[in-house]
Amino acid sequence: MLHINNLKVSVNEKTILNGIDLHVNPGEVHAIMGPNGSGKSTLANVLAGREDYEIEGGSIFFDGKDLLEMEVDERAHAGIFLAFQYPVEIPGVSNATFLKSIVNAVRKANDQPELNAPQLLKLLREKIDLLGMDQKLLQRSLNEGFSGGEKKRNEMLQMALLEPRLGILDETDSGLDIDALRIVADAVNQLRSPERSFIVVTHYQRLLNYIVPDVVHVLYNGRIVKSGDKSLALLLEEKGYDWVKEEANAIAQ
Amino acid sequence: MSSIVVEAKHTEIKEHFGLLFQAFEQSLNGQSAQPLHLIRQSALKRFSEELDFPTRRDEAWKYTSVNRLLQGRYELGNAADISAAAIQPFVPPFAEKHLLVFVNGIYQEQLSQIGSLENGVVVASLKNALQHPDNQEKISPYLQEMAHSANIFKVLNAAFLEQGSFVYVPKHTRLDRPVVVLHISTNATAAAFINHSNFLLMDIGSEATVVEGFFSLYDGDRADFTNINTVAALQRNARLTHCRLQYENEQAFIVQNNSAQQGGDSVLTSIQVDLGASLVRNNLSAHLLQSNTETHLYGIYFGKGTQHIDNHTFIDHAPAHCQSNELYKGILADSARGVFNGQVMVRKDAQKTNAFQQNSTLLASEKAIMDAKPQLEIFADDVRCSHGATIGQLDEQAVFYLRTRGLGEEQARSLLQHAFLFEVLEKMEDDVIRNWIEGFINQKFEA
């Protein structure tokens, strides 16, 4: 589904990703872990199409299409969804209106008939119930004045509405208490299916207790230095990142 | 050398207005014997002999030149025969009771309607209202003030005083429906000089909402000059909401002077929306006369092409315990220019003043220009005053966020621009009026 080959990315002439290879098959959950500054968030943002980065080399193919040639919204139409680490607050845009408009924007782009107002409302209610969200969040401006947990929950709601092929969670767990964490994890688990894949970017192993990954990768200095199954995450939790860094540095020398 | 040329030009336009005044006097038939007319004549004299049109050397006109306006050779507006159907798109849904319609500046009785009024309430065209000595007496002090003003446009307005609207709400009376004043300009052979004077007189404890709309029904190159003067006098505990939406032909010149006087405990809410015209200059002032008043000034401006929209506001906090709250937001695209000058004066005795001011402008093009100048002058020591002025582009983070959800770039930007202006609309309590305004803002987005 997703094939990243030797991806090199820089920002302001500083190399952030230095040859990433990552292959995600349908239905798989990949966790990307690593110390701060290792390039985890950059990878997530490059996949979504953020324009602040310079692609120095390599390729990304998503369902056979060259992702790097696609606009941000085209990627969303193709089924890529990025749950933001810091969702943007947009005063003056009603959350309900926004949620309805993105559903139809994606449907329209995929030549599906747009939903009418009652259908949209029904869909919205259904997904809100699924996530155990408070209806009141719909009446407010998009993310404005939302708590950290509410923002992340609203991200999950958007993901549930858009039903992407690939959900990318960029440190969705940071700053959340256990209850909020469970809600995020439940949302992902509800959406897991043989066709849908996830990339879960996280600094902590904690989230992976709830979203059990198929593969765990450790990113360090812009490269994937180690991959393994879920036990790798537990090992990192126990021993920290130092041993991975040492190993990687030794190999580099 | 150049200043001499400018003055010579002003002489010519003043002479032109002198000729227009003669024609205007003739049209008054017999009414020119009234005391009111003596004020008009003295105003014209002051206009011709004692005052000059502002130039960019005047601090208050530094960013706005009226040169183009002064080059016009206007004729007095002539009422054109237009049907009720033609004005229908501009008639707001809340105009079902009181609607005053002006075509090319002239009151149209047959298109207007004035619903039943409680005892003592007057809602009328100014010309009709001034048939009654009582009403003449009511406006007399304000008219004297206009005629003696240092502001040449106010004095000009006093000289040509005839067309306009007159609202008087007596003690402890509430107008249950808004008064709608609709201005339509239509095709005409020559550019028109449209002089409009509003008197909104609110007695103790009265309440009213007045909504003005200015629209054009032609696309041509004609540049009318509309000179508006509004007097809003709020006695103690009165509440007035004054809303003005302007979406005129993009050639039009508009100067508006709007001065409010507020008695104790009164509440003034002003909403100014400028979407059209080539040159707009609004001077709004609120003079707080007694304590515990509230003044809310809200403004929206949206310029495209080479539109120039200048908002000057002045709030004079003289007594203690008054609140003022000002929010002006605008979008400037293409080569449009905007000016905001918000003066707040807090005089020595105006303790416990609470004054808030914010002006924010989105520049949607590299060629658009905004000049913003908050001007707080505080002479009291126990006050809370804040001001902010921001000029910037859309938040690219927000654009990216919306695009990751599948919205196209244009759609994302437009949504954010809407939201930017919506912050002002949100302040309006009446959703029917808000929706009406929003509809025209949406038209402007699509224009």
*asked:* Please determine whether any residue of the range A:90-98 is within 19 Å of the chain's Cα centre (by Cα) and crowded, with 17+ Cβ neighbours inside 10 Å.
replied: no
*Residue by residue through the range B:253-292, note down the ones that are among the small types (G, A, S) and within 14 Å of the chain's Cα centre (by Cα).*
B:S259, B:A260, B:S270, B:G276, B:A277, B:S285, B:A286
*asked:* Restricting to the range B:330-361, name every residue that is buried (at least 22 other Cβ atoms within 10 Å of the Cβ), farther than 19 Å from B:F314 by Cβ and of a type outside the set (A, V, I, L, M).
replied: B:T361
*Would you please name the residue that is nearest to the other protein chains (Cβ to nearest Cβ), looking only at residues in the range B:386-412 that are more than 28 Å from B:T295 (Cβ to Cβ) and touching a residue at least 24 places away in the same chain (Cβ under 8 Å)?*
B:L394
*What tally of residues in the range B:66-86 results from selecting those that are farther than 16 Å from B:V103 by Cα and exposed (fewer than 15 other Cβ atoms within 10 Å of the Cβ)?*
4
*Tabulated pairs, the range A:142-160, first closer than 27 Å to A:S193 by Cβ, second in a loop (DSSP other than H, G, I, E, B) and modelled with pLDDT under 90, C-beta under 6 angstrom, 6+ apart or interchain*: A:G149/A:L176; A:K152/A:T172; A:R153/A:M133
*Conditions (1) free of Cβ contacts under 8 Å to residues at least 12 places away in the same chain; (2) assigned to a loop (DSSP other than H, G, I, E, B); (3) not basic (K, R): number failed by B:E137*: (2)
*Got a sec? Which of A:R165, A:R125 is basic (K, R), surrounded by fewer than 23 Cβ atoms within 10 Å (Cβ to Cβ) and within 14 Å of chain B (Cβ to nearest Cβ)?*
A:R165
_Among the residues that make up the range A:53-75, is at least one of them surrounded by 22 or more Cβ atoms within 10 Å (Cβ to Cβ), within 14 Å of another protein chain (Cβ to nearest Cβ) and farther than 16 Å from A:I4 by Cα?_
yes
*May I ask you to list the residues in the range A:51-78 that are under 17 Å from A:K14 (Cα atoms), in contact with a strand residue (DSSP E or B) (Cβ under 9 Å, 6 or more places away or on another chain) and not hydroxyl-bearing (S, T, Y)?*
A:D52, A:E54, A:I55, A:E56, A:G57, A:G58
*For the range B:417-430, state whether one or more residues are touching a residue at least 60 places away in the same chain (Cβ under 8 Å), surrounded by 20 or more Cβ atoms within 10 Å (Cβ to Cβ), more than 14 Å from chain A (Cβ to nearest Cβ) and of a type in the set (A, V, I, L, M).*
no
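Any chance you could count how many residues in the range B:190-239 are in a strand (DSSP E or B), farther than 22 Å from B:L130 by Cα, touching a Ser or Thr at 6+ places or on another chain (Cβ under 9 Å) and in contact (Cβ under 8 Å) with a residue 40 or more places away in the chain?
So in the range B:190-239, the residues in a strand (DSSP E or B) come out as B:192-202, B:207-216, B:225-234, B:239.
Subsequent filtering for residues that are farther than 22 Å from B:L130 by Cα retains B:192, B:207, B:213-216, B:225, B:239.
Adding the requirement that they be touching a Ser or Thr at 6+ places or on another chain (Cβ under 9 Å) leaves B:192, B:207, B:214-216, B:239.
Now drop any that are not in contact (Cβ under 8 Å) with a residue 40 or more places away in the chain, which leaves B:192, B:214-216.
Residues that pass the stated criteria total 4.
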*Of all residues in the range B:160-182, which are aromatic (F, W, Y) and farther than 17 Å from B:E118 by Cα?*
B:F160
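Would you be able to tell me the number of residues in the range B:143-168 that are of a type in the set (V, I, T) and more than 23 Å from B:I437 (Cβ to Cβ)? So that I can check it myself, show each step before the final result.
Quick first cut of the range B:143-168, residues of a type in the set (V, I, T) only: B:152, B:155, B:167.
Applying the additional criterion that residues be more than 23 Å from B:I437 (Cβ to Cβ) yields B:152, B:155.
Residues meeting the conditions: 2.
The values are calculated or read from the model by the stated rules, or taken from the named source; none is laboratory data. Keep in mind that what you see is a predicted model, and the values were worked out from it rather than measured. In this analysis, Cβ positions are derived from the backbone assuming ideal geometry, glycine residues included, and neighbour counts consider all displayed protein chains.
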